[in-house]
Every structure is written in structure tokens, then in C-alpha cells.
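See below for the structure under consideration.
The values are calculated or read from the model by the stated rules, or taken from the named source; none is laboratory data. Everything quoted here is computed from the prediction, not taken from an experiment. Quick reminder, even Gly has a Cβ in these numbers, built from the backbone with ideal geometry, and neighbours come from all protein chains shown.
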Amino acid sequence: MSYNINDKGYYGEFGGAYIPEMLYPNVEELRQNYLKIMAEPSFQEEFNQLLKDYVGRPSPLYFAKRLSEKYATKIYLKREDLNHTGAHKVNNTIGQILMARRLGKKRIIAETGAGQHGVATATVCALMGMECIVYMGEIDIARQAPNVARMKMLGATVVPALSGSKTLKDATNEAIRDWINNPVDTHYIIGSAIGPHPYPDMVTKFQSVISEEIKSQLLEKEGTEHPNYVVACIGGGSNAAGTYYHFLDNEDVGIIAVEAAGKGIHSGESAATSALGKEGIIHGCKTLLMQTDDGQITEPYSISAGLDYPGVGPLHSHLYKTGRGEFYSATDDEAMQAGLELAKLEGIIPAIETSHALAVFKYKTFQPNDVVVISLSGRGDKDLNNYIEYFNL
Amino acid sequence: MNRIQQKLQENKKLLSIYFTAGYPSLDDTVSVIENLENAGVDMIEIGLPFSDPLADGPTIQASSTQALKNGMTTTVLFEQLKDIRTRVNIPLIAMGYFNPMLQYGVEAFCAKCKKIGIDGLIIPDLPVDVYQEEYQTIFEKYGLINVFLITPQTSDERIRFIDSVSNGFIYMVSSASTTGAKSGFGNEQSNYFERIAAMNLKNPQIVGFGISNKETFQQATKQAAGAIIGSAFIKHITANGISNIDEFVNPILS
């Protein structure tokens, strides 16, 4: 069994490119060139240099002593929260902006939910002096004001998505519509491991630096490249894809995904796609998604704006369907408590997305000798208002 | 011979109208079809509303959102259309995004279309290569014509491929845009229309996107076999209701 993408752009039965003909030339241009460009020594050199000097990589692999004591196992945190802009998102935007330049594109568009990917995109556009338009749901603009301000300060134009439910999926629709209307000079930087092939694979490969570093860092600390488990939260699933990538084919490494259960899987307010979703097509790919019996895409809910997506990347659908990944979902309350616990035990305030991954200990008991690596995908600064409100701080 | 193929043999420029099923009111679907036929339209595209219509601009998005709010579903539409062939003879094409069809079951969907008397399908997000590999035999089994889109950016090679897979007409998107985004044609479109006409494709072409009135209809059909109006018609029924459809159609056909 292979867990990697096949030459037709599918992970098992999931993936592909279900796109209107208007997008075909752009997506096909990318498909034909992305692997070739990524393999160029000059691309590799520029990408790695920026990850080192601009992003601050490698990000530390930190042994969380007090958390480990509490859960009687060996817990390492992969500190993506220490990256420039505060999350793993920038690994992908650096890669894609270099890709866009080599494809001769002049204009960058992106979608964003919580604003982390929007900020990471606006950042690299400022860095490269490129025009940047970020689509963001009108409702998200209202609830993520600091990130909107960051994007503007970085020179991006933030366009409110006014259609549908006015959140992430609608921002994605608007970005796709922009690309249809600007087919020649524009590159669309998708922020998660979703979208038509080759996006899920390209984003996964740019994020795979996470698991690449875990291997060498763990070798130094534990004398082995392979942990017993890797754990990540999943919305679309880009930090998870990067965290799993180099362990996919080593079945001795357990893969654990934590989705957002919102107010409970069966509460009607949830984003637990693997539990609630059915196979279908969203934003150009065949994957698991939350939908009505009639095939209309439904609106998810999570306290975390970054996990508030009705689908999941096709790699993750494949990991779920084949049983290669263990999938759990944490409620808002469980995630918030896990975030608070990390702050108190380790002095790290995580993003609420990341707090979902930390809630894994609610659902899974590890052995004392297990080495468990958790992707600490983002820092909690952006979520301070939510934490203040939730805990009456 | 399928009704679409018969219609394409007529010696005239065809006017095809798109509307969203279940809009403005849930039960307007059949009346809109009858009124369009009575007004002298040549072909009708019945839009199945979708929550996330990627290729559509604000007008069709809004009509889709409203139709879904009204309670439109695939099952409801098929129920509304079950006796449509006792009422109209005009070629009918169902146009919609792929996910609702996938959930209904592609073969069940096609079987139902044949039973009702729907002649063809337009599914913008079902790419031609996936169609050819996985679904063409099903569509053909039920005698349905599947219509593919081409755009000014589509390469000649791909147009030839699409032409080889098609058996009705080719939906020629006039410019790089979502529906209803642009109105009117410039030199770029004229060159594109001429380029496609010169390719001598096996399938006739019908132009869509950017057509809203007699002038744009005539420009679009100078070489092509016909033209499709969507957003401008939706705007008309939004403003004027569904009883005065001939007021929209007559000036275009006069």
C-alpha cells in the first residue's frame, strides 16, 4: 500500500482535479512544472535559504518534560509556532511564491479563514514585491481584526467574500473565481493540502520540511529517526501532511489526526469531517466533505477558525479510509483546556487549532516508552481574545 | 436522433436560455420552461442550484442560494419535471455541478434524465478526461449528450480532443470570466470566434458568457451556431417575474 500520490493525482480514490475548463490551463501549467521546478538546485537553494534566514528554521524539537510526566510518556513538541508569522503556514507560502515567480506570474491571490495563511501570503508578497489580494469571509474579517490589520500593513488588499456563509469556504470560492477571471498573470497560493491536483501534493511537499527535521532532530535526541507516533490537528490538513510525510510508508510510526468536534460531533455544530463527511467534490478535489444528502456543502463549526473547513485534504481521506491514520476529534472545551494546560505546564500558549492536537491525551493513552511528537502548528497570540473570553481572564 | 442534435440541424441561429430551477419560487420551474418555449427560444438549460458554484458570478450565485432556500433539491427537480414532455418539445439540458449528481448516483441521475426526457447535461467541473474514462459509457447508455466548455485559453490540441469526445455541441465560453462578469465583445473575442470557426470542428459551437441582448447575440452568432443567455435572463425574471418572459426574448429574436 502506498500512501503517496499516484501519477494521476490521486491518493487511493481521493484527489484528482475536478475543475471548470476555465481553470484547466493554469492548473495544467502548474501540474506539468511543479516537480521539475522544485527539483531545480537554484530553487532548492533559494527555498532552503529563506526557510533558514527568514523563517528561522529548523524549528526546535522540544522535549516537553512536565507534559510528559503528566501523561507518563515521552512527548516532543515540534515548534512551528516559533516560525516567522507564528505558524507552519509560511513554509508553504515561501515555496509557492518562488514557484509563482518561476512561472512568470505577477499577481498573487489567496484565501484565508483565521487570517494565518493570509498573513503568511501577504508576508512573502511583501518580501518579493508582488501584488497580493487575499479573500476573506466577511464574518471572519469581523472576528479576526488583528490579522486583517497585519495583511493591510504588509501591503495586501483584503477583499471580503460576501457570498454563501461568508467564511473560509466562500473565501476559497471567491479566490477561485478571481483566478478564472485572471487566467494569465495570476498564481493562486492555496493555504492547505486541498484543491485540485497538484495542490495537495505541492503543499504537502513544501510542508514536509517539518517531518524531515523531526527525523534528524529525533536521531540526535533519541538515537532513532522514528517516533512511535506523530500527532497533528486537521482542518484542511497542511501541518498534518507535513508532519506525517516522511513517516507515511513506515507503518511502525503511528499517525494520529485530531479534528475539531466543535460543540460535539452530533451537535450540528462540528467540523469533524472524517466522522461526518461523505465522499464528494469540494474546491476541485474528490475527498471527504460535510454535505447534505443532496450534495450541498454544509457549513462547519469550530471555535478555531483555522479548523472551520467542511472538507479535509485527499491525503487525509486516504489515511482515514485505509486505517493508516487514527482519527479523533476534540470539542471546543477539550481543546481550550488542553491549550491552557500547555500554557501552565510548559509556558507555551498554543493556537487554538494546535490545542486540538494537544487534546489527544483525552482519547489515547500512550506507553511510558512511546516517543510521541506533536506538531505545535501555531502560537496563540492571535487567539488571545478567544482565550480571554473563554476563561474570563 | 436526440432533440438537441435535431435542433442543431435547423438552419437558424439558436437562442438557448439558462435559468436556475426553483427560482424565483420553488414551483416556477415548469412555468419558466413553458414560457420560454412559447416565447420562441430554441433550447433551455435548467440549472440545478449548488451551494458552491465556482464558475458563476453574483447573479447566478444569488439565484442558486435563493433556490436552495426555497427547498430545491435534485429529487424535487425530478419530481417537478416528471410530466414535462407532455407539455413541451423544446430540447432540455440539465446544467449543474458534479457533487450533487455524484451524491444522487451518476447512473441513477442519467436514468432519471432519460425517463423524464432531458436531452443533455452540462457539468462544468467534470473534466473531459475523467468523463471519458469513467462516465461516458453511462451517458451514452441513456442517450444523453454531454456538453463541454472551451475558453479563449484552451489550446487547439485540447479543443480537438474535446471535439472528438463531444456528440452535440461545444459550449464556447466567450472570455476568461465567471458568468455574468462581462458584457459585450471586443477584438479579442472576434479573433477567438474566428480562430475556432476556422478549425472546422465536427461539433457546432454555441457561445456563452457575456451575451445579454440582441447586439451581443448577433455578435456571438456571426460564426457560431447559437448563443446562451443566463445572468441577463435571471436579472429579468428577478425584476419582472416569470409571466413576461416574451418581453425579454422578443427583442433578441426580432
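Here are a few things to note about the model shown:
- Residue-level analysis places B:A239 among those that are loosely packed, with under 14 Cβ neighbours inside 10 Å, among the hydrophobic types (A, V, I, L, M, F, W, C) and closer than 28 Å to B:S25 by Cα.
- Of all residues in segment B:99-118, those satisfying the criterion of being part of a loop (DSSP other than H, G, I, E, B) and surrounded by fewer than 23 Cβ atoms within 10 Å (Cβ to Cβ) are B:G105, B:G117.
- B:T86 of a type in the set (S, T, Y) and either within 14 Å of chain A (Cβ to nearest Cβ) or touching a strand residue (DSSP E or B) at 6+ places or on another chain (Cβ under 6 Å) (or both): no
- Any hit, segment A:195-209, residues being at pLDDT 95 or above, small (G, A, S) and crowded, with 24+ Cβ neighbours inside 10 Å: yes
- For segment A:243-255, the count of residues that are out of contact with any Phe, Trp or Tyr (no Cβ under 8 Å at 6 or more places or on another chain), touching a residue at least 40 places away in the same chain (Cβ under 8 Å) and closer than 23 Å to A:D170 by Cβ is zero.
- Within segment A:136-162, the set of residues being out of contact with any strand residue (DSSP E or B) (no Cβ under 7 Å at 6 or more places or on another chain) and at pLDDT below 95 comprises A:I139, A:D140, A:A142, A:R143, A:Q144, A:A145, A:P146, A:N147, A:L162.
- Within segment B:58-98, being surrounded by 18 or more Cβ atoms within 10 Å (Cβ to Cβ) and part of a loop (DSSP other than H, G, I, E, B) holds for B:M72, B:T73, B:L81, B:I90, B:P91, B:G96, B:Y97.
- The set of residues from segment A:316-329 being surrounded by 24 or more Cβ atoms within 10 Å (Cβ to Cβ) and either under 12 Å from the mean Cα position of the chain (by Cα) or over 14 Å from A:A240 (Cβ atoms) (or both) comprises just one member, A:H316.
- Qualifying residues in segment B:120-150 (those that are at the interface with chain A (Cβ under 9 Å from one of its Cβ atoms) and part of a strand (DSSP E or B)) - the one surrounded by the most Cβ atoms within 10 Å (Cβ to Cβ): B:I150
- Qualifying positions in segment A:62-82 - surrounded by fewer than 24 Cβ atoms within 10 Å (Cβ to Cβ) and not in a helix (DSSP H, G or I): A:Y62, A:F63, A:A64, A:A72, A:T73, A:K74, A:R79
- Flag for A:G339 being within 14 Å of chain B (Cβ to nearest Cβ) and touching a strand residue (DSSP E or B) at 6+ places or on another chain (Cβ under 8 Å): no
- Flag if A:N33 is outside any helix (DSSP H, G or I), more than 21 Å from the chain's Cα centre (by Cα) and surrounded by fewer than 21 Cβ atoms within 10 Å (Cβ to Cβ): no
- Which listed residue, of A:V158, A:V124, is within 23 Å of A:R31 (Cα to Cα), crowded, with 18+ Cβ neighbours inside 10 Å and more than 14 Å from every other protein chain (Cβ to nearest Cβ): A:V124
- Complete set of residues in segment B:166-195 that are surrounded by 16 or more Cβ atoms within 10 Å (Cβ to Cβ), within 14 Å of another protein chain (Cβ to nearest Cβ) and outside any loop (DSSP other than H, G, I, E, B): B:I170, B:Y171, B:M172, B:V173, B:Y192
- Residues located in segment A:347-389, provided they are more than 24 Å from the chain's Cα centre (by Cα) and over 22 Å from A:K65 (Cβ atoms): A:I388, A:E389
- Residues of segment A:7-49 classified as away from chain B (no Cβ under 14 Å) and over 21 Å from A:T186 (Cα atoms), total: 11
- Hits in segment A:344-355 - residues which are farther than 16 Å from A:K78 by Cβ and touching a residue at least 12 places away in the same chain (Cβ under 8 Å): A:L345, A:I349, A:I352
- Reported count of residues in segment B:151-161, each being more than 8 Å from chain A (Cβ to nearest Cβ) and either crowded, with 19+ Cβ neighbours inside 10 Å or of a type in the set (S, T, N, Q) (or both), is 2.
- Single condition B:V207 does not satisfy, out of (1) β-branched (V, I, T); (2) more than 10 Å from chain A (Cβ to nearest Cβ); (3) surrounded by fewer than 23 Cβ atoms within 10 Å (Cβ to Cβ): (3)
- Members of segment A:288-315 found to be more than 20 Å from A:Y244 (Cα to Cα), within 14 Å of chain B (Cβ to nearest Cβ) and not in a loop (DSSP other than H, G, I, E, B), listed by number: A:L289, A:Q291, A:I297
- The residues listed here are A:E251, A:E279; of these, the one that is over 13 Å from the mean Cα position of the chain (by Cα), in a loop (DSSP other than H, G, I, E, B) and of a type in the set (D, E) is A:E251.
- Which listed residue, of B:A62, B:A39, is farther than 30 Å from A:I297 by Cβ, over 15 Å from the mean Cα position of the chain (by Cα) and not hydroxyl-bearing (S, T, Y): B:A39
- Some residue of segment A:164-174 being within 13 Å of another protein chain (Cβ to nearest Cβ), touching a Phe, Trp or Tyr at 6+ places or on another chain (Cβ under 7 Å) and among the hydrophobic types (A, V, I, L, M, F, W, C): yes
- Against the conditions (1) more than 27 Å from A:L77 (Cβ to Cβ); (2) part of a helix (DSSP H, G or I), A:T243 satisfies every one except (1).
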